[in-house]
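Reviewing the structure listed below.
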Amino acid sequence: MTKDVLISIRGLQFMSGDSLEDDADPVEVITVGEHYLKNGHHYIRYDEMFEGFADHAQNLVKITDHVLEVRKKGVINVHMVFEENKKNIAYYTTPFGTMQMGIAATRVKVQEEQDHIGVRIEYALEINEEHVGDCCLEMNIQSKETGDLAL
């Protein structure tokens, strides 16, 4: 894997009361970033812009077997941990206030290849101790020169 990478992040959320037949629109972001390998852990760094804000958030993603950590600093501040078969609590701070998030990952699958890392996470999401939905997050990181993600 090279230092310069293309990153695709796709999320899908089923709100409480929705059935799988209901249309759930996925959210997808494609951006550029940097990849580092340190002590056997993959680190992905990229900036994220938010509609209506001039500032951005710097994101750092740490990938290990069955655990994914996401740290956002800037207009949004949070440290989320997606750990298979474990519930983790995070405080999601925005310009409008702070929410408590419960993240109970049921599946964290990491697939590593020479120029590609694929991650799929399935988890239940709680906001302020109330279940709001079941979610799926997919991340694909590819070396920039071999990547075929459309920007």
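General observations
- Among residues of segment 50-63, those that are open to solvent by 30 Å² or more (accessible area, probe 1.4 Å) and either polar (S, T, N, Q) or modelled with pLDDT under 95 (or both), counted: 8
- First in segment 19-38 and closer than 14 Å to Cys136 by Cβ, second anywhere and at pLDDT below 80 and of a type in the set (Phe, Trp, Tyr), Cβ under 8 Å, 6 or more apart: Leu20/Phe14; Ala24/Phe14
- Considering segment 13-31, the residues that are touching an Asp or Glu at 6+ places or on another chain (Cβ under 8 Å) and open to solvent by 60 Å² or more (accessible area, probe 1.4 Å) include one that is modelled with the highest pLDDT, namely Val29.
- Taken as a whole, the condition of being out of contact with any Pro (no Cβ under 8 Å at 6 or more places or on another chain), under 21 Å from Asp65 (Cβ atoms) and aromatic (Phe, Trp, Tyr) applies to Phe82.
- Of all the criteria given as (1) open to solvent by less than 80 Å² (accessible area, probe 1.4 Å); (2) within 17 Å of Ile9 (Cβ to Cβ); (3) assigned to a loop (DSSP other than H, G, I, E, B), the one not satisfied by Glu34 is (3).
- When the residues of segment 37-49 are filtered to those that are under 15 Å from the mean Cα position of the chain (by Cα) and more than 18 Å from His116 (Cβ to Cβ), the one that is surrounded by the most Cβ atoms within 10 Å (Cβ to Cβ) is Glu48.
- Taken together, Val119, Val132, Val78 contain a single residue that is crowded, with 18+ Cβ neighbours inside 10 Å and closer than 16 Å to Gly11 by Cα, which is Val119.
The values are calculated or read from the model by the stated rules, or taken from the named source; none is laboratory data. No experiment lies behind these values; they were computed from the predicted model shown. Counting neighbours? That spans all protein chains shown, and the Cβs are built from the backbone with ideal geometry, glycine included. Note: areas computed on protein heavy atoms with side chains; ligands, DNA, RNA excluded. Shrake-Rupley method; radii C 1.70, N 1.55, O 1.52, S 1.80 Å.
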